[in-house]
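Colleague: Mind having a look at this structure? Questions to follow.
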Amino acid sequence: MLKAPHLILTAGLVSLLPASFALAAPEAAEHAAEHGSGGLPQFDVTWFPSQIFWLAIMYAILYVFFSRKTLPALSSTIENRRNQVESDMEEAERMSSEAQKVQADYESHLAATRQQATDQALSVENEIKEKSLAQAAAFRERSEKEMEKLEKSLSKAKSEAMKDIESIVTQITGDVVKKLSNLDVKEAEIKKVVNNVSGEIADKKAA
Amino acid sequence: MANPLKQFEIQPIVPLHIGNIDVSYTNSSLWMTIGVVVSIVMLTIAVRPHALIPGRLQMASEMLYDFIASMIRENMGPKGRKFFPLIFTLFVVVMMGNSLGLLPFSFTYTSHIIVTVALALMIFAMVIVLGLIKHGLHFFTLFVPPSTPMWLLPLIFTLELVSFFVRPVTLSVRLFANMMAGHIVLKVFAAFSVSALALGTAGWIAGLVPMLFNSILIGFELLIAYLQAYVFAVLSCIYLKDALELEH
């Protein structure tokens, strides 16, 4: 940090000056004496060498102290701060990019999960639909079979009933005819008549 | 009325001789010493914390550092870096002299032409020596701007030469005159106040006027103290730049 050439130059130059003024001193002292105390004290050459001498010493002390202690300390403090700020900034940038990555991860994860949930819901729905369709189909089949069976037994019962009715009608007709006309009509004949009549009734109904 | 020039008188404190030369320790030397001690102590205390987040004093010292650093950067460019301690010391010495001089009963060493001349000649001599070392005889092209018509050459050369040699004179006289004039004015107004006191009650009231005026002047003088130190340092930078690079 210390620039030795400068220091030597500075000190040398300043300390050379007293010599030149010392040479001029006797003549100037007379000059000052003429003026007495009326002139500016600044132009009293008596103290010129002393002023320069002490200025040079003080300047040199300050120069050495500043260049060895104060200025390196200050510049290192400022440098440290700048480094700290820079590294903090880098750290912040890194963290912010990391946060962005995490955010992106989270979002993609969220989207995937949402998709999965939708898929699951859809598949469950489909399953339920299929199941209920299947159940409905099975139920219909079963009930159709049962209805068929019922219809069959119903029609069987009906035809039996009809047969019974025919025989009852034949018997009642034979009884009525026997009672009314005392005729003993053969059963086969009665049956024939009854069939005719019921056929007529059926024709009338159909018409 | 007190002599307003009395404040500039030098009183020897410790008589001292080196050969025939009187180098007595004077009141001026005393105030130089005070300036050195104050600046060293203040800056040492200010710098010591080394804190990442500076306190007031450390902030002030860093501002001073940045101030000088930017002054050098702007006026001398990156090459001026090696003059940093020199300009820093120069600024502190002048600033201390100017501002310590505002204390009552103190001595303003920058109000002495010999002090300012010594500082200015130091810079001036450095410009010449460094310029000659760095550029050799080429340094003298400083006095001949390029693209000068041949017939104007003698005139331009003379003017440039004169302006070059006038530099230390203006540099030193500017500071000296500013400091001296300011302190004389302060003393004169203070003397008005004091002499007005002799007039009784009316004088006590009348004496307030120059005193109030002095209060304002002190603030103004503080500004001048800083401004002149700044001007001295900046001009030194600009002059030293000539030694670093020959612009024309």
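Colleague: (1) within 19 Å of the chain's Cα centre (by Cα); (2) farther than 20 Å from B:Met95 by Cα: which one isn't true of B:Val169, the others all being true?
Modeller: The number of the failed condition is (2).
Colleague: Across the stretch B:21-47, what is the number of residues that are of a type outside the set (Ser, Thr, Tyr), closer than 20 Å to B:Val92 by Cβ and at the interface with chain A (Cβ under 8 Å from one of its Cβ atoms)?
Modeller: Total satisfying the criteria: 6.
Colleague: Report, ordered by the first and then the second residue, all pairs with beta carbons closer than 7 Å, sequence separation of six or more or different chains, a first member in the stretch A:180-198 that is assigned by TED's automatic domain parsing to the domain that holds A:Glu166, and a second member that is among the charged types (D, E, K, R).
Modeller: A:Asp184/A:Lys178; A:Val194/A:Glu166
Colleague: Of the numbered conditions (1) in a helix (DSSP H, G or I); (2) out of contact with any Pro (no Cβ under 9 Å at 6 or more places or on another chain), B:Ile123 fails exactly one; give the number of that condition.
Modeller: (2)
Colleague: What residue, of B:Ala229, B:Ala233, B:Ala225, is at pLDDT 90 or above, open to solvent by less than 20 Å² (accessible area, probe 1.4 Å) and within 17 Å of B:Pro104 (Cβ to Cβ)?
Modeller: B:Ala225
Residue-wise test of (1) without any contact (Cβ under 8 Å) to a residue 12 or more places away in the chain; (2) of a type in the set (A, V, I, L, M, F, W, C); (3) under 30 Å from A:Ala188 (Cβ atoms).
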site	(1), (2), (3)
A:Asp88	yes, no, no
A:Glu98	yes, no, no
A:Ala104	yes, yes, no
A:Ala161	yes, yes, yes
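Colleague: So, one more: Is there a residue being at pLDDT 80 or above and facing another protein chain (nearest Cβ under 9 Å) anywhere in the stretch A:18-40?
Modeller: yes
Colleague: Which pairs have Cβ atoms under 6 Å, sit 6 or more apart or on different chains, and link a residue in the stretch B:194-209 that is closer than 19 Å to B:Pro4 by Cα to one that is open to solvent by 90 Å² or more (accessible area, probe 1.4 Å)?
Modeller: Filtered contacts from the stretch B:194-209: B:Ser195/B:Met1.
The values are calculated or read from the model by the stated rules, or taken from the named source; none is laboratory data. From a predicted model like this one, the values you see are computed outputs, not experimental measurements. Methodologically, a virtual Cβ is constructed for each residue, glycine included, from the backbone with ideal geometry; neighbour enumeration extends over all protein chains shown. Just the protein is used for accessible areas: all its heavy atoms, side chains included, with ligands, DNA and RNA removed. Shrake-Rupley method; radii C 1.70, N 1.55, O 1.52, S 1.80 Å.
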